[in-house]
1. What about A:ASN80, is it surrounded by 15 or more Cβ atoms within 10 Å (Cβ to Cβ) and either part of a helix (DSSP H, G or I) or not basic (Lys, Arg) (or both)?
2. Out of A:VAL13, A:VAL91, I need the residue that is assigned to a helix (DSSP H, G or I), surrounded by 20 or more Cβ atoms within 10 Å (Cβ to Cβ) and of a type in the set (A, V, I, L, M, F, W, C). Which one?
3. Taking the condition at the interface with chain A (Cβ under 9 Å from one of its Cβ atoms) and either surrounded by 14 or more Cβ atoms within 10 Å (Cβ to Cβ) or at pLDDT 85 or above (or both), does B:ILE22 pass?
4. If you take the residues in the stretch A:28-52 that are more than 18 Å from A:ASN80 (Cβ to Cβ) and surrounded by fewer than 16 Cβ atoms within 10 Å (Cβ to Cβ), which one is nearest to the other protein chains (Cβ to nearest Cβ)?
5. Restricted to the stretch A:53-64, and to residues that are of a type in the set (Phe, Trp, Tyr) and facing another protein chain (nearest Cβ under 9 Å), which residue is nearest to the chain's Cα centre (by Cα)?
6. Mind listing just one residue for me: the one in the stretch A:146-180 that is surrounded by fewer than 17 Cβ atoms within 10 Å (Cβ to Cβ) and at pLDDT below 85 and, of those, farthest from the other protein chains (Cβ to nearest Cβ)?
7. Can you go through B:GLU17, B:GLU95 and tell me which one is at pLDDT 75 or above and either part of a loop (DSSP other than H, G, I, E, B) or acidic (Asp, Glu) (or both)?
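The values are calculated or read from the model by the stated rules, or taken from the named source; none is laboratory data. Quantities reported herein were computed from a predicted structural model and do not represent experimental measurements. A quick note on method: Cβ atoms are made from the backbone with ideal geometry, for glycine too, and the neighbour counts reach across all protein chains shown.
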Amino acid sequence: MEPRSDIELVQEVRNGRRQAFTELMRRYQERVYWVARRIVGSHDDADDVVQETFVKAYLALGEFRGDSSFFTWIYRIAVNLSLNALRKRQVLNYLHESELLSRILPSPDDPEKDLEHSETESALQHAVATLPEKQKAVFVMRYYDEMTYEEIGRVLKTSVGGLKANYFHALRKVREHMRNEIQDGEKPSHG
Amino acid sequence: MKYRMEKNPLTGEAERELTSEIRQRAGAGGDTPSRPPDAYWQNLIIRVNNRIDEATSGRALSISWAGRVAIPGVVAIVSFLVGLHYIAPDASFREPSVADVVLALPPAAIDSLLMDPSRADPSLSVEDVATDVFVFSRQQIAEYFIDNGNAGDALDAIPDRDANTVLSVLSTDEK
């Protein structure tokens, strides 16, 4: 039996067949997870984003008009939620740095977190983490997902020219960051 | 090569070269985080379905209703009332009456308003003055003109409306 198209599944969900949405989740959960993971950096944050993405998509399915593909639509939700998560974390980091949170939150000594932290310590991930959010989103979609500029444009609702410029700047920053990091690593340690 | 890339940042070739260099550097470091186990993906679907159930249950809908309608409504009403209190003119405020102003004057000044200074009685106090010093009885007006005589000259100097009042008082007095 031929697999049903996304649009057919969406129509089934609208007709009240919840199982069709589970099928859509199975199709896209990994891609949604990875775009979120690349943008937010950690598994826990990505997990939150993925859940939120599918819940939002289900609740807003009535607004999906089919102008773009279902994947583009859900991908856009995931990218926006990932960027929101980044902003929230930046605010929390700022608060933490200003020692407001340190008075009310315990220190993060969870060994799982340490493991995850060391896992994300690669030079490239470090470099991606330093990018501004728009460049980060474009970089993730282009570099990791190898999406075309037209596809990215549909997700971010941005012109192709702007995306190319963003991606180029992101590439240069990442390359410089990696070069510097590797050079720092090669320097002999003193003492 | 760098110069060419700087000058033509949007070329596909420049992009490919940069991407290739980054992939090469990242390859040595192994930049890909490990994939979550299969159980995670199964569990993810269950958790999302649970959250959808919660979101579409009556309680969540009522919370959603509260978030979308009730809370913004209450905030709007409170904002309106606060704005009304601070911006709208105070309805309880009224202009002071002439009597209020006059009574606020020093007693001697009030005396000077009421009578000829040459006949002012130094013993006259504020309590002796009527509440509204500018309200005179018809009798008082008539007596004023009779005492001072030459009502005709006075009538020439005052507006028609006041002259009519004076004439009506005089005619009443004559009756």
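1. Numbers: surrounded by 15 or more Cβ atoms within 10 Å (Cβ to Cβ): yes; either part of a helix (DSSP H, G or I) or not basic (Lys, Arg) (or both): yes.
Answer is yes for this residue.
2. Being assigned to a helix (DSSP H, G or I), surrounded by 20 or more Cβ atoms within 10 Å (Cβ to Cβ) and of a type in the set (A, V, I, L, M, F, W, C) holds for just one of A:VAL13, A:VAL91, which is A:VAL13.
3. yes
4. Only one residue fits best here, namely A:GLU30.
5. Step one: filter the stretch A:53-64 for residues of a type in the set (Phe, Trp, Tyr), giving A:54, A:58, A:64.
Within this subset, residues satisfying the condition of being facing another protein chain (nearest Cβ under 9 Å) are A:54, A:58.
Working: A:PHE54: 14, A:TYR58: 19 Å.
This residue is A:PHE54.
6. A:ASN180
7. That would be B:GLU17, the only listed residue that is at pLDDT 75 or above and either part of a loop (DSSP other than H, G, I, E, B) or acidic (Asp, Glu) (or both).
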